[in-house]
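Q: Sending over a structure as structure tokens; questions will come in a sec.
The values are calculated or read from the model by the stated rules, or taken from the named source; none is laboratory data. Here the structure is a predicted model, which means the values were calculated and not measured. Neighbour counts are summed over all protein chains in view; Cβ atoms, including those assigned to glycine, are modelled from backbone coordinates with ideal geometry. Side chains included, ligands, DNA and RNA excluded: accessible areas come from the protein's heavy atoms. Shrake-Rupley method; radii C 1.70, N 1.55, O 1.52, S 1.80 Å.
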Amino acid sequence: MSQPKGLNDIYRIRARFGRSVNITADFAAGESLKDYIITPLTREVLRRVITGLRPESYQRAWSIIGPYGVGKSACALFLARLLGRPKDTYARELLRVADGRLYDDICTSIPRFENSGFLITLVVGNRAPLGTTILRSLANALASAEWRGKRAELVRDRVKQLCLRSQQGENISNDEISDCFDNVAHMARDKNGVG
């Protein structure tokens, strides 16, 4: 008589579904979207984000709310990889195959999207002051950006200085943080990126 099979002999769960998503760690990982499934909810979230990113739109704040484990972080990771720079051809092809019409809508809605993307600044809440967390995230994004030249170095240096001051306990004003983001946005436009 043969031994009964255990559930682990019958069902296999792909490693991607066996743990939660860590947006900051998984964003840089090449395999982070392997086996990702573009669900109807992902498509709806993407449609709303795309509507907000159109040049004439002012709908630029979104919330993804739901219980633990339903895929909010995985969805955010997919959006970041899809819309980010440098261009993630795997994420774009994943969407193009799953929903060609939505992919085409992105290409027509966002100027220069096909050749570029957005500088993604990933901010994950922690116990540090919010300003420190935002500045650190911006510094990480700028470190991976391909921008060169004097202006890029000045912007990077300014963000690093503010990070250091903040980590030393100095209160950084919202205006200083906002100015950093304004400088980055201007530089992104000048470098022929999307944003």
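Q: Take region 140-176 and flag every residue that is open to solvent by less than 20 Å² (accessible area, probe 1.4 Å) and not polar (S, T, N, Q).
A: Pass one, region 140-176, residues open to solvent by less than 20 Å² (accessible area, probe 1.4 Å): 141-142, 145, 147, 152, 155, 159, 162-163, 166, 172.
The answer is ALA141, LEU142, ALA145, TRP147, ALA152, VAL155, VAL159, LEU162, CYS163, ILE172.
Q: Continuing with the same structure: Within region 62-79, does at least one residue satisfy the condition of being of a type in the set (Gly, Ala, Ser) and open to solvent by 90 Å² or more (accessible area, probe 1.4 Å)?
A: Taking every residue of region 62-79 in turn, at least one turns out to be of a type in the set (Gly, Ala, Ser) and open to solvent by 90 Å² or more (accessible area, probe 1.4 Å).
Q: What's the number of the only condition in (1) at pLDDT below 90; (2) more than 22 Å from VAL123 (Cα to Cα) that LEU95 fails to meet?
A: (1)
Q: Yes or no: PRO55 assigned to a loop (DSSP other than H, G, I, E, B) and closer than 25 Å to VAL184 by Cα? Explain how you work it out, then say what you get.
A: Working: assigned to a loop (DSSP other than H, G, I, E, B): yes; closer than 25 Å to VAL184 by Cα: yes.
Yes: the conditions hold for PRO55.
Q: Just to be sure before I move on: is ARG189 closer than 23 Å to LEU53 by Cα, of a type in the set (Lys, Arg) and out of contact with any Ser or Thr (no Cβ under 8 Å at 6 or more places or on another chain) in the structure I sent?
A: Yes: the conditions hold for ARG189.
Q: With at pLDDT below 90, in a helix (DSSP H, G or I) and in contact with a Gly (Cβ under 9 Å, 6 or more places away or on another chain) as the only criterion, which of LEU41, LEU82 stands out? Please lay out each step first, then the result.
A: Details: LEU82 fails: at pLDDT below 90.
It is LEU41.
Q: So which residues in region 104-119 are surrounded by fewer than 18 Cβ atoms within 10 Å (Cβ to Cβ), within 19 Å of the chain's Cα centre (by Cα) and either charged (D, E, K, R) or assigned to a helix (DSSP H, G or I) (or both)?
A: Listed by number, the residues that qualify are CYS107, SER109, ARG112, GLU114, ASN115.
Q: Just give me the residues in region 171-195 being acidic (Asp, Glu) and at pLDDT below 90, in sequence order.
A: Of region 171-195, the ones acidic (Asp, Glu) are 175-176, 179, 182, 190.
Answer for region 171-195, where residues must be acidic (Asp, Glu) and at pLDDT below 90: just ASP190.
Q: Which of the residues that make up region 122-138 are in contact (Cβ under 8 Å) with a residue 12 or more places away in the chain and assigned to a loop (DSSP other than H, G, I, E, B)?
A: Within region 122-138, LEU122, VAL123, VAL124, PRO129 meet the criteria.
Q: Still on this structure, please answer the following. What is the number of the single condition among (1) under 23 Å from VAL21 (Cα atoms); (2) more than 16 Å from the chain's Cα centre (by Cα); (3) surrounded by 13 or more Cβ atoms within 10 Å (Cβ to Cβ); (4) among the acidic types (Asp, Glu) that ASP88 does not meet?
A: (2)
Q: Still on this structure: Among the residues of region 10-27, write down those that are open to solvent by 90 Å² or more (accessible area, probe 1.4 Å), modelled with pLDDT of 65 or more and either at positive phi or in a helix (DSSP H, G or I) (or both).
A: Across region 10-27, the qualifying residue is only ILE10.
Q: Mind checking which residues of region 91-103 are touching a residue at least 24 places away in the same chain (Cβ under 8 Å) and open to solvent by less than 30 Å² (accessible area, probe 1.4 Å)?
A: The answer is ALA91, LEU95, ASP99, LEU102.
Q: Count, please, the residues in region 98-122 that happen to be of a type in the set (A, V, I, L, M), farther than 17 Å from ARG48 by Cα and at pLDDT 90 or above. Give the derivation first.
A: Of region 98-122, the ones of a type in the set (A, V, I, L, M) are 98, 102, 106, 110, 119-120, 122.
From the residues that got through so far, the ones that are farther than 17 Å from ARG48 by Cα too are 98, 119-120, 122.
Checking the rest, the ones that are also at pLDDT 90 or above come to 98, 120, 122.
Of the residues in region 98-122, 3 are of a type in the set (A, V, I, L, M), farther than 17 Å from ARG48 by Cα and at pLDDT 90 or above.
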